[in-house]
Ligand SMILES: NC(=O)c1ccc[n+]([C@@H]2O[C@H](COP(=O)([O-])OP(=O)(O)OC[C@H]3O[C@@H](n4cnc5c(N)ncnc54)[C@H](OP(=O)(O)O)[C@@H]3O)[C@@H](O)[C@H]2O)c1
């Protein structure tokens with residue numbers, strides 16, 4: 001029998017990809033969206049054969065009604081505490097009310113389980129929701145994909161295309177960083193949604209690549225040489241992020257505040273996905289670092 005999956009956050013970058021991957025796998029897919037959802041995105045979902053249900057996200061009964069008969073609820077919601085903690089709690093409560101057996105929270109990040117609480121604001125929110133989720137009866141699975149590979153295109157200190165530089169912190173020029181493309185993450189998340197035996201935590205990476213390996217790839221792709229340099233010690237990096245956060249109170253209300261970007265890169269240099277579940281499902285192909293970097297570095 002076809003499985004029925006409900007996606008929250010389906011109008012988002014990752015959410016729509018997860019819907020597409022679920023449809024490819026012949027699942028019945030529905031999406032709860034807020035009444036203000038962009039009609040263009042709603043139409044794109046409808047065209048893919050996703051059943052779009054507009055709900056008042058503050059109304060647990062309305063969400064529960066949409067959850068009736070669903071096997072797994074997948075959350076690809078993005079936001080701060082009002083979304084990652086408060087709204088996801090409402091969605092999980094509604095799923096439980098409707099008898100849904102499984103839930104995938106909107107983690108899709110570095111595996112924060114072994115990281116120090118307080119070091120990364122957005123991970124603290126996920127940790128808070130995880131504590132709630134794990135106290136309920138629903139079976140949860142989280143996907144930890146490191147960073148979306150797209151960030152390599154955004155002139156971050158790790159790879160700055162304008163300065164033609166690669167930066168690293170501490171003595172970590174050979175430290176492997178976990179990157180996964182959004183499409184690879186979505187394909188894997190769809191498999192997890194359909195897999196009743198999926199474990200609690202799954203680490204994945206399209207590619208694991210160190211700053212020195214990035215240097216080799218970009219210099220292969222481009223005629224103009226890139227250079228690599230140490231940015232600072234890890235201790236100085238941590239201190240500068242703390243200062244940046246203290247100096248910018250408004251950033252507390254921004255999802256991707258500058259200090260949060262620093263916290264994310266800090267986590268990438270302190271945590272690694274060592275037990276990859278990439279091979280758990282047959283038929284998935286993973287983008288290589290070389291392929292990805294060659295696709296945009298000139
Ligand atoms: N690992 C990484 O490097 C990385 C990078 C980026 C994102 N992520 C994570 O990936 C997940 C998905 O992110 P994304 O980039 O796909 O996000 P996105 O494009 O911003 O989409 C967010 C989704 O959440 C919905 N949403 C937000 N606030 C809502 C609210 N108050 N009520 C109802 N719906 C709400 C949006 O609905 P509307 O369309 O109605 O606004 C949209 O569907 C998140 O967990 C995010 O943190 C990870």
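Rule-based calculations on the coordinates, nothing more; no lab input. These numbers come from a predicted model, not from an experiment. Using ideal geometry, Cβ is built from the backbone for each residue, glycine included, and neighbour counts are taken over all protein chains shown.
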Could you work out how much longer the chain between residue 131 and residue 116 gets when fully extended? Use 0.36 nm per residue separation minus the Cα distance between them, nm to one decimal.
3.9 nm
Rounded if a/c under 1.5, otherwise prolate or oblate - the chain, Cα gyration tensor axes:
prolate
Going by alpha carbons, how many degrees (0 to 90, nearest 10) lie between the helix axis of 234-247 and the longest principal axis of the chain?
60 degrees
Could you check which residue among 164, 102, 127 shows the biggest mean-square fluctuation in a GNM of the chain with a 10 Å Cα cutoff?
164
How far, in nm, would the chain grow between residue 222 and residue 53 when pulled straight, counting 0.36 nm per residue and subtracting the alpha carbon separation?
56.1 nm
Only helical DSSP H runs with n ≥ 4 go in: add -39500 (n - 2.57) per run for the chain, normalise by residue count and round the 222 nm mean residue ellipticity to 500 deg cm²/dmol.
-11000 deg cm²/dmol
Which one of 35, 101, 211 has the biggest mean-square fluctuation once the chain is modelled by GNM with Cα springs under 10 Å?
35
Between the range 31-75 and the range 156-232, the Cα center-to-center distance that results, in Å:
33 Å
Honestly the range 151-287 on the Cα gyration tensor test (a ≥ b ≥ c root eigenvalues; a/c under 1.5 rounded, otherwise a/b vs b/c for prolate or oblate) is just oblate
Counting other C-beta atoms within 10 Å, which of 180, 46 has the fewest, and how do the rest follow?
46, 180
Residue among 150, 174, 114 with the largest mean-square fluctuation in a Gaussian network model of the chain, springs linking Cα atoms under 10 Å:
114
Quick note, the range 1-48: a/c under 1.5 would make it rounded; otherwise a/b > b/c is prolate and the rest oblate (a ≥ b ≥ c, C-alpha gyration tensor); here it is prolate
